[in-house]
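The values are calculated or read from the model by the stated rules, or taken from the named source; none is laboratory data. Predicted model, so just to flag it, every value in this text is computed and none were measured. Here the Cβ positions follow ideal geometry from the backbone for every residue, glycine too, while neighbour counts run over all protein chains shown.
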Amino acid sequence: MNVLLIGSGGREHALAWKLAASPMLTKLFAAPGNPGIAEEAECVALDVGDHDAVTAFARENAIDLVVVGPEAPLVAGLADALAAAGIRVFGPSGQAAQLEGSKGFTKDLCARFDIPTAAYGRFNNAPKAKAYARGVGAPIVVKADGLAAGKGVTVAMTLDEALDAIDACFEGAFGAAGAEVVVEEFLEGEEASFFCLCDGVNALPFGTAQDHKRVGEGDTGPNTGGMGAYSPAPVMTPELTEQVMAEIVRPTLAGMNEMGIPFKGVLFVGLMITTEGPKLIEYNVRFGDPECQVLIMRLRDDLLVLLNAAVDGQLGHMSARWRDDAALTVVLAAKGYPDNPQKGSSISGIREGESDGVKIFHAGTRRDGDTLVAAGGRVLNVTALGATVTDAGRKAYAAVDDIDWPDGFCRRDIGWRAIERERS
Ligand code: AMP
Ligand code: GLY
C-alpha cells in the first residue's frame with residue numbers, strides 16, 4: 001500500500017516509524033514531515049490546508065490510505081475532501097471532528113445521551129456566562145468553545161479568575177474559538193487518557209496514558225502541549241476501562257450515529273476519575289502528542305492493518321496486542337518554551353542515545369546542512385520501554401543525558417505518580 005501521512009510532529013514520527021515496519025507498506029509519504037520522519041518516509045512540501053492539492057497529490061501518487069495526525073486539518077474537513085474524491089482516509093469528517101472542534105457540541109452530546117461529564121452552561125456573551133459562574137462559585141472551569149491550540153481552558157481557583165477568563169474569551173484572546181464559551185463544574189480526581197480506534201460503529205480500546213501538561217517539575221508553571229507521558233496509566237484498571245467503554249465511549253459512537261455523523265478515527269478520551277466514577281473532561285479526535293509515542297512503543301500489532309480495519313468498518317473483528325512493558329517519553333524542549341522558545345540551536349548525540357527499546361522521535365527539528373537544529377518549542381521525544389515505569393524512565397533519562405543540546409531542557413520527574421505507586 002502507498003500511504004500519505006499528514007503532520008510534522010513527534011506523534012507523526014512515531015506513526016511513520018510504526019507504519020514503515022508494516023509488511024503491507026509499499027511507500028510512505030509524509031506532508032510536510034520532519035527530519036526524523038524523513039528516515040522513514042519521503043517528505044513532500046504540501047500545503048495541508050489546500051485540500052485540492054492534497055487530493056491531487058494522493059491521486060497522482062496512487063495513495064491507498066491517508067492518515068491524518070493533527071486535529072486542525074480534520075476540523076477543517078480534509079477527510080471530507082479526500083473521501084469525496086474516493087480516497088481512503090483514516091480520520092473523522094469535519095462534522096464528526098466537532099467532538100474536539102467544539103466543546104459545546106461535546107457537552108450537548110453528553111447531555112443528550114447521558115454521558116457522565118461536568119455540569120455546564122454554554123454562552124455567547126459575557127454577562128450571561130458571568131452570571132452562571134457567580135451562581136456556581138469557584139473553583140470553576142472556563143473554556144473557549146473552539147480550537148485554541150491547547151490554551152483555551154482556564155481552571156479558575158477564584159471567581160475573579162473565572163470572570164477574567166470569560167472577559168478574555170469574549171475580547172478575542174482565542175480569536176474565533178472564544179466567540180462561544182463553556183463554563184463548567186470543577187472536577188476533582190486523577191486524570192487519565194484513554195484511546196480508542198473507531199470505525200463508525202465499533203470502538204477498539206487502544207491503550208491508556210498519562211501526560212504532564214505543566215512545564216515545571218512537580219506539575220507547576222504554565223500549561224504546555226505536554227512535557228512527557230507514560231503508558232499504561234495505572235489508574236485505568238480493566239474494570240474501569242470497561243466502565244468507560246460502557247458509559248462513555250459506546251454511547252458516544254451510538255449517539256454520533258443517531259445524529260448521522262458516524263465517528264471514524266482515533267477517539268482520545270480525556271477522563272477525570274472522580275469518587276463518583278469516571279467523567280469525560282474532553283474529547284480529541286486524534287492521537288495525543290506525546291501520548292502517541294508511548295502507545296506506539298507498546299503496540300505489538302501492525303498499525304497499518306488496524307488503521308485499514310478502522311477505515312473499512314472491520315474493527316469488530318480486531319484486537320490489539322500490547323507489550324507487557326511500560327513506556328515513558330521525555331520531551332526535550334527549547335529554552336523559553338512554552339512562551340518564547342529559542343529556535344536555531346544545534347543538537348547532537350541522538351544516535352548515541354538510541355538503543356534497543358529506546359527511540360528518539362523528532363518533534364520540532366530541522367536540518368541545516370549536516371547539522372540538526374531546533375525548529376520548534378517541543379523538539380525531541382526521548383522514549384523508552386522498561387519492565388516498569390521506573391525502569392522505562394531510567395532508560396529514557398540515560399538517553400537524554402547522551403544528547404548534547406545546551407539550549408534545551410526537560411522535566412526530570414516524568415512519571416512521578418506511577419513511580420511513587422511502584423515504590424509503595
Ligand atoms: P485542555 O487544555 O483542553 O487539554 O484541558 C486542560 C486541562 O484542564 C485538563 O487536562 C484538565 O487538567 C483541566 N480541566 C479541564 N476541565 C476540567 C474540569 N471540569 N475540572 C477540572 N479540571 C479540568
Ligand atoms: N498531550 C495532549 C494532547 O495531545 O492534546
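Scanning segment 148-162 for residues that are within 17 Å of residue 133 (Cα to Cα) and outside any helix (DSSP H, G or I) turns up 152, 153, 154, 155, 156, 157, 158. Among the conditions (1) touching a Lys or Arg at 6+ places or on another chain (Cβ under 6 Å); (2) at positive phi, residue 331 misses just one, which is (2).
With out of contact with any Ser or Thr (no Cβ under 9 Å at 6 or more places or on another chain) and over 24 Å from residue 245 (Cα atoms) as the only criterion, which of 29, 105, 90 stands out?
Of 29, 105, 90, the one residue that is out of contact with any Ser or Thr (no Cβ under 9 Å at 6 or more places or on another chain) and over 24 Å from residue 245 (Cα atoms) is 29.
Listed residues 254, 229; which is within 16 Å of ligand 2 (Cβ to nearest atom), closer than 26 Å to residue 305 by Cα and at pLDDT 95 or above? Answer to the check: 229.
From the list 267, 315, which residue is touching a Phe, Trp or Tyr at 6+ places or on another chain (Cβ under 7 Å) and either more than 15 Å from ligand 1 (Cβ to nearest atom) or at pLDDT 95 or above (or both)?
When all the criteria are applied, what remains is 267.
Candidates are the residues of segment 294-323 that are in a loop (DSSP other than H, G, I, E, B) and touching a residue at least 40 places away in the same chain (Cβ under 8 Å); the one that is nearest to residue 383 (Cα to Cα) is 323. Only one entry in 165, 177, 209 is modelled with pLDDT of 95 or more and either assigned to a helix (DSSP H, G or I) or surrounded by 15 or more Cβ atoms within 10 Å (Cβ to Cβ) (or both), namely 209. With respect to the conditions (1) surrounded by 15 or more Cβ atoms within 10 Å (Cβ to Cβ); (2) in contact (Cβ under 8 Å) with a residue 12 or more places away in the chain; (3) more than 13 Å from ligand 1 (Cβ to nearest atom); (4) not in a strand (DSSP E or B), residue 134 lacks only one, and its number is (1).
Selection of segment 331-360 for residues being of a type in the set (S, T, N, Q) and not in a loop (DSSP other than H, G, I, E, B) yields 346, 348, 355. Of the residues making up segment 264-286, just one is under 16 Å from residue 101 (Cα atoms), in a loop (DSSP other than H, G, I, E, B) and not aliphatic (A, V, I, L, M), namely 286.
Tallying residues that are over 21 Å from residue 214 (Cα atoms) and either aromatic (Phe, Trp, Tyr) or buried (at least 20 other Cβ atoms within 10 Å of the Cβ) (or both) within segment 332-349 yields 1. From the list 221, 226, the one residue that fits, being on the phi > 0 side of the Ramachandran plot and in a strand (DSSP E or B), is 221. When segment 193-227 is examined, which residues are found to be small (Gly, Ala, Ser) and near ligand 1 (Cβ under 10 Å from one of its atoms)? Within segment 193-227, 193, 225, 226 qualify.
Where residues in segment 165-192 are in contact (Cβ under 8 Å) with a residue 40 or more places away in the chain and away from ligand 1 (no atom under 16 Å from the Cβ), which of them is farthest from residue 138 (Cα to Cα)? Going through the qualifying residues, I end up with 179. Considering segment 372-424, the residues that are at pLDDT below 95 and not in a helix (DSSP H, G or I) include one that is farthest from residue 13 (Cα to Cα), namely 424.
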